[in-house]
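This report refers to the structure that appears directly beneath it.
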Amino acid sequence: MVAGAPLAAGCGSKTGRTEASPSYFPQSVASGDPRPTSVVLWTRVFDELRADADSTLELVVALDEALDNPVALGGAGAYPIVAQAAADGCVKVRVDGLMPSTTYYYQFTYVNGAVRNASRVGRTRTAPDLDDDRDVTFAVVSCQDFGGKYFHAYRQLAEQPLDFLLHLGDYIYETTDDPSFQSATPARTVTFSAPDETLSIDGGTVLAARSLGNYRDLYRTYKSDPDLQRVHELFPLIAIPDDHEFANDCYGATATYTDDREDEQDFERRRAADKAWFEYTPVDYGAPPASALDEMTSFPADLTLYRSFVFGQRLELVVTDLRRYRPDHVVPEDALPGAVFLTQAEAEALLGAVPDDAVAYLDSADASLDDVRAALVDAATAQGFEADALTGLLSVPWINQVLVANGGVAPLDATDASYERGYAYHQLLKSAQFTEQGSRYLLAERPFRALARKRFAETDGASERLLGDAQRAWFTSTLTSSTRRWKVWANEYTLMRRALDLTPIDFAPTQYRQRLLLSAEDWDGAPNERNALLTELKGVDNVIVLTGDLHAFLAGTPYADEDPDTRVIELVAGSVSSTTLLTGVKAVLAEDPTLPPEAAIIAQLLDQLLQDPDTRPNPHLGWLELEKNGYAVVTAGAAAFALTAYAIDDKLVALPAAGLSQPLDALVQAVQFRVADGSRELEQLQNGAWKRWDRASSSWS
């Protein structure tokens, strides 16, 4: 990539005939990472007659849209750049020496003989000077699946008066036509130019990007969307990848498609994904701790993406990377459901007593149990687990369940007082080996908390160190030392707890009548680290957390366990186009044969269960919208931080613009929130009056 030269007085002249030629710039233009005196400008040039050759471009930056008042770049009005074929024709230029709080216009031209083929004109804006005390307004987006979906959110967002656009990840999805959440619509699908280089998942029915060319195909296709192009042409972008830029539910360089049936660590694939993201994203790597992709350095040190931005006196935006450094999920996907993870002695030491829901267990190596072990080995294939996993301590109820399901009898008395008692993986609702249920999704909270606490203690916190060590130290230092009025954490996945209490649900199966967690893939899977971070931030005022990933809207005041004074404000913005949370949960619970049929009914009640005023599983959760797409716009002001969620029915996202029955503005619902300066209370505008979320009564008052 080519760095822009410092600006100087005066301007140069352009030679040759200039023609509007957006076809040579199929992904249009974009800008990113605005700072008071710099911004990164991006484009991709493609000439099918010279596809394998480097191309000469020129860049013009001006103070007016007509480009009649250009600024000097390197002493001339047009700055020369080489678009390298090795970078897929992508270029990004960091232009320095700009004026703060200033709107600039820019255009790339492809020099082809005597003709200068011009891109569309882009618009960008620099950040305020550090002493500037003006409002800062920006949009929050994430999760923009292309397959069978349209980016209506971007078309409406383009009309907003914004300083920049914050993208929290899942800019692309690595799969195409995945029937679990994508549709094979001819007008909205991705075609891999080299399908032989892809990764086949789900028995070969779904293709996922694996090579650099595969990932480039995704960015080329997504960035061909006119609504996405328009917002990039209008607003500078600040972006961080989440998981789908590499692989769903990834950690580090490891995917999770096979739920631990195979070793899915793939550094080559991870490097390809990172390189494509780095090529196609206008990210500034010139300001520490951010750094450029270094292909000579090993993962994860080859690319640093976490960074912060200061916008005058009002805002410091701290952008974290929660995928690159995180450890494996706390619950092993390949764990045998009957394996014991917390013994009686460990429970007494860690929890102070043996939990009343602990189960009897025995040592599978006990010679007196040879017949039982042989029966389990015989049942293994039919009951969906590997016989080699039958080692160590095993749950007595699980042994009985397996053998009865295999046509035998229960050989052991689970009530025998001589057995020691502890927790086994099946108590997490893990009903099979090699599964995401009971490991990454839909877990029993109480035994999971015990397992997480045990591993957190054993590893000195490393089991939940989602930020990694270096980023964590930088993160807490940056937030606690910030002098800006509002400290905003750009956070990829949900911080606040999302628990369900099915204890009073009469029709729920017995094993489900307890407190459940929807997920342990995000911060709910790192409860001890979440507590630690929130406790460390307790003395920092005006902390706002902006989140993506969930495909739903949430607003609330998450806090460390039993300590509401540690609370911060979090707004989770819905997905631009990806399948909404409730739609996805309904589909999974209705189709998963390992789940009881009552699960589909529970899914219909998900929003009520999350905010049940009687069981109060989430007293911090003030508002939710689980079945709509959209985005959010926030303003860091002097007296308050304003948050507005813009939501559109998810069924409309599957329709092209011409198929909408009404103007887009009429189809979008706006819900307004605010947080007063110095307050830790969330307020919502209801019928013209501001109401405060009251955690004690779980209501707005």
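Listing for the model above:
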{"quantity": "Residue list for the range 381-414, restricted to those being charged (D, E, K, R) and under 37 Å from the mean Cα position of the chain (by Cα)", "calculated": "Glu386, Asp388"}
{"quantity": "Flag if Ala287 is more than 19 Å from the chain's Cα centre (by Cα), in a loop (DSSP other than H, G, I, E, B) and among the aliphatic types (A, V, I, L, M)", "calculated": "yes"}
{"quantity": "The range 560-576: number of residues that are aliphatic (A, V, I, L, M), more than 19 Å from Glu625 (Cα to Cα) and in a loop (DSSP other than H, G, I, E, B)", "calculated": "1"}
{"quantity": "Test: residue in the range 512-523 that is closer than 18 Å to Leu626 by Cβ and either part of a loop (DSSP other than H, G, I, E, B) or out of contact with any helix residue (DSSP H, G or I) (no Cβ under 8 Å at 6 or more places or on another chain) (or both)", "calculated": "yes"}
{"quantity": "Test: residue in the range 135-154 that is crowded, with 21+ Cβ neighbours inside 10 Å and over 22 Å from the mean Cα position of the chain (by Cα)", "calculated": "yes"}
{"quantity": "Given (1) surrounded by fewer than 22 Cβ atoms within 10 Å (Cβ to Cβ); (2) assigned by TED's automatic domain parsing to the domain that holds Ala603, number of the condition Asp460 does not satisfy", "calculated": "(2)"}
{"quantity": "Segments classed as strands (runs of 3 or more DSSP E), wholly inside the range 577-669, with at least 1 members that are out of contact with any Gly (no Cβ under 9 Å at 6 or more places or on another chain)", "calculated": "628-636, 640-649"}
{"quantity": "Single unsatisfied condition, Arg421 versus (1) of a type in the set (D, E, K, R); (2) outside any helix (DSSP H, G or I); (3) surrounded by fewer than 20 Cβ atoms within 10 Å (Cβ to Cβ)", "calculated": "(3)"}
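One line per residue, one yes/no per condition, for (1) under 30 Å from Trp486 (Cβ atoms); (2) of a type in the set (S, T, N, Q); (3) modelled with pLDDT of 95 or more:
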residue: Glu279; (1), (2), (3): no, no, yes
residue: Tyr285; (1), (2), (3): yes, no, no
residue: Gln313; (1), (2), (3): yes, yes, yes
residue: Leu322; (1), (2), (3): yes, no, yes
residue: Glu348; (1), (2), (3): no, no, yes
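The values are calculated or read from the model by the stated rules, or taken from the named source; none is laboratory data. The model shown is predicted, which means the values in this text are computed figures rather than measured ones. When we count neighbours, we look across all protein chains shown, and the Cβ atoms used for this are built from the backbone with ideal geometry, even at glycine.
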